[in-house]
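Take a look at this one; I'll ask things after.
The values are calculated or read from the model by the stated rules, or taken from the named source; none is laboratory data. What you are looking at is a predicted structure, and each value in this text was computed from that prediction instead of being measured. Counting neighbours? That spans all protein chains shown, and the Cβs are built from the backbone with ideal geometry, glycine included.
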Amino acid sequence: MTKKREFDKDYFLWERFKKGDNKAFFSIYDKFFDTLFNYGLHFSRDKDLIKDCIHDLFLDLYKYREKLSEIDNIRFYLLRSLRRLIHKEKSRKISALRGEQILMQNDIPQMAFEDNLIAIETESENNRVLGEVMKVLSDRQREGLLLKYEQNLSYKEIAYILGISVESARTSVYRALKDLRKALKKKGFSMQVLFIFLRNRNLIL
Amino acid sequence: MNKKQKIEAHDILSDDEFTEEYFSDNTKKTEKSDEKEIWKARIIFDFLNARKRGSWPVEREQTKKRLEKSIQKAETGKYLLKWVAAVFLLLAIFSVLLIRNNLKTETAIVDFAQTIDPTKSDSVTNLILQDGRKVLITEEESQIVYDEKGMNIVIDSSQKVSQEVKQKKEVFNTLVVPYGKRAQISLAGGSKVWLNSGSKLIYPATYLKGKREVYLEGEAIFEVAHSAQIPFIVRTKDFDIKVMGTVFNVSSYPEDNVSSTVLEKGKIELSPNERSFLRKEKLTILPGHMVTFNPVRKTFQEQQVDTEYYFSWRDGYIICKGEPLGSILRKLERYYNVSIKLQNAEFKSETFSGYLDLKNTPDEVLKVIAETTPFSLKYENKNFNH
């Protein structure tokens, strides 16, 4: 329900922006900057590169606003665009490096979970365990999880971004979740927290 | 999923309908839900969702400022482009208007002039009224006066002619003066025109508001009543003359190679009929100047002259100063409606200076010329031969 209402709000914002409302344009910017920045961090630890890409993304939006099609999910549209821009920017940088023969580096993985960020998240035992699993998941699985749970995208949208079928997207996410759950089961998870949680639930009930 | 009978954490999370609300909304849970699995799902979800919460206000503002600058730059470029486009569009429209204007110099009066029979066979002055009536004037020198509305016309202070004139509608009268005759006409607007022999003047029968326009073939002197708002336009076969109020002579005979105008007083503006697109010539001339139009090259030539020579015919004499004999004889032919032939064509370019009284008979005038030259005159029927 809230998701639907949120979509409607976004839709009107987008329509206003397309009609030339600059306020709507910057509302979209303000609303999605953090999301986009966080999303970008999954691909690169170079914050300047992410800022550049977000800048270019919005400048293009502004320039071509009249030609933009009607979209039903701004978030999906922006994420997809940013992802494309970052990949373009990264491959440009890599080829520049190659040209100069400075670095004979392997391809930068599509999803590079930064160690420092993972460190923040592994404050609890559970998170540490889950973090370990994340490291062994495939790029596609990691990104699928991210798009599904961080960005609230549908399988259809995920499939579109990853360039795979909806069924593959679904399977990919499902298997990743299964692995994560298994890890929790194997290592056991903090029953103490579960107890608190159950108590809270009882209170609600 | 159902075969397991038990819904596990990954089943909860991977569901299409799953949202964060699942954890707070109990209606979504079924009896199959296991508290333990829900809790696992919650842990996994929180882990996966953790990074979403990062906030980057500094980065956001930095990038926003940069974006605003970029947009401004893009807009300026766009406006510049729009301006350039607008200027081009205006130029295009202007050009089209200019071309159309050039192609459409013909006006009602010019159209009307072309319907008039060009023959000058009549031996008397003809006043053709709006309804087609012809008033014949036998006098050699006639005077025609229109009243303010153009309804009543007085000819030589004695004959009175009336015509019906409807306001707002453009109707024309024509005055045809054959060779050997002259006429003076006072138009409804108060302007006066002296028509020389062999001339035709088409003019509006009534004084129309906002328009003073006549068509001339032949020679005439105009004394235009001053009106700063409404220019008086004289149209000829070669050029148009725009005036505010002035005295000038126009000579535009069909048989003459060149048309000309001489300004005595005031200021007039000339423009050729066939205007070329690239050079829209407009020539403003000042008193004491004569402009000759070369119909072949479509150009104007301006020179300072003694205006007296060009206005003297109105008062019944010709003043010549270094004028070729051919030109003088042509004037006399028209004035008296006679044919004068030079047996030796070489004399055509011989120049003469002097004063010829047109009140005398043609042979008397020619005698004056012959006195100063070794010419002899021969009179044959109505023809004079040197």
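Say whether the condition of being in contact with an Asp or Glu (Cβ under 6 Å, 6 or more places away or on another chain) and closer than 23 Å to residue B:349 by Cα is met by at least one residue in segment B:280-288.
No.
Follow-up. Which of the residues that make up segment A:57-90 are polar (S, T, N, Q) and within 20 Å of the chain's Cα centre (by Cα)?
First, the residues of segment A:57-90 that are polar (S, T, N, Q): A:69, A:73, A:81.
Selection gives A:73, A:81.
Taking residue B:66 as the residue in question, decide whether it is within 7 Å of chain A (Cβ to nearest Cβ) and modelled with pLDDT of 75 or more. Don't jump to the end; show me each part of the working.
Values: within 7 Å of chain A (Cβ to nearest Cβ): yes; modelled with pLDDT of 75 or more: yes.
Spelling it out, residue B:66 is indeed within 7 Å of chain A (Cβ to nearest Cβ) and modelled with pLDDT of 75 or more.
Select, from B:85, B:113, the only residue that is at pLDDT 85 or above and more than 10 Å from chain A (Cβ to nearest Cβ).
Just one listed residue meets the conditions, B:85.
Identify, please: which residue in segment A:54-70 is in a helix (DSSP H, G or I) and at pLDDT below 85 and is, among those, farthest from residue A:83 (Cα to Cα)?
Here the residue is A:66.
Output the number of residues of segment B:261-289 satisfying the condition of being in contact with a Phe, Trp or Tyr (Cβ under 7 Å, 6 or more places away or on another chain) and modelled with pLDDT of 85 or more.
6
Among the listed residues B:333, B:346, which satisfies the condition of being under 20 Å from residue B:140 (Cβ atoms), within 44 Å of the chain's Cα centre (by Cα) and among the acidic types (Asp, Glu)?
Every option except B:333 fails the conditions.
Taking the residues in segment A:54-96 that are of a type in the set (Phe, Trp, Tyr) and away from every other protein chain (no Cβ under 14 Å) as candidates, determine which candidate is surrounded by the fewest Cβ atoms within 10 Å (Cβ to Cβ). Give the derivation first.
If we filter segment A:54-96 for residues that are of a type in the set (Phe, Trp, Tyr), which is where we start, we get A:58, A:62, A:64, A:76-77.
From what is left, the residues that are away from every other protein chain (no Cβ under 14 Å) are A:76-77.
On the way: A:76: 20, A:77: 18.
Of everything passing the filter in segment A:54-96, A:77 is surrounded by the fewest Cβ atoms within 10 Å (Cβ to Cβ).
What single numbered condition from (1) at pLDDT 85 or above; (2) within 60 Å of the chain's Cα centre (by Cα); (3) within 10 Å of another protein chain (Cβ to nearest Cβ) fails to hold for residue B:93?
(3)
Can you tell me how many residues within segment A:135-153 are without any contact (Cβ under 8 Å) to a residue 40 or more places away in the chain and facing another protein chain (nearest Cβ under 9 Å)?
Going through segment A:135-153 one residue at a time, the tally reaches 3.
Conditions (1) surrounded by 15 or more Cβ atoms within 10 Å (Cβ to Cβ); (2) within 13 Å of chain B (Cβ to nearest Cβ); (3) at pLDDT 85 or above, marked per residue:
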{"position": "A:14", "(1), (2), (3)": "yes, no, yes"}
{"position": "A:17", "(1), (2), (3)": "yes, yes, yes"}
{"position": "A:20", "(1), (2), (3)": "no, yes, no"}
{"position": "A:24", "(1), (2), (3)": "yes, no, yes"}
{"position": "A:29", "(1), (2), (3)": "yes, yes, yes"}
{"position": "A:36", "(1), (2), (3)": "yes, yes, yes"}
{"position": "A:40", "(1), (2), (3)": "yes, yes, yes"}
{"position": "A:48", "(1), (2), (3)": "no, yes, yes"}
{"position": "A:52", "(1), (2), (3)": "yes, yes, yes"}
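Of all residues in segment B:319-366, how many are aromatic (Phe, Trp, Tyr) and within 19 Å of residue B:307 (Cα to Cα)?
Total meeting the criteria: 2.
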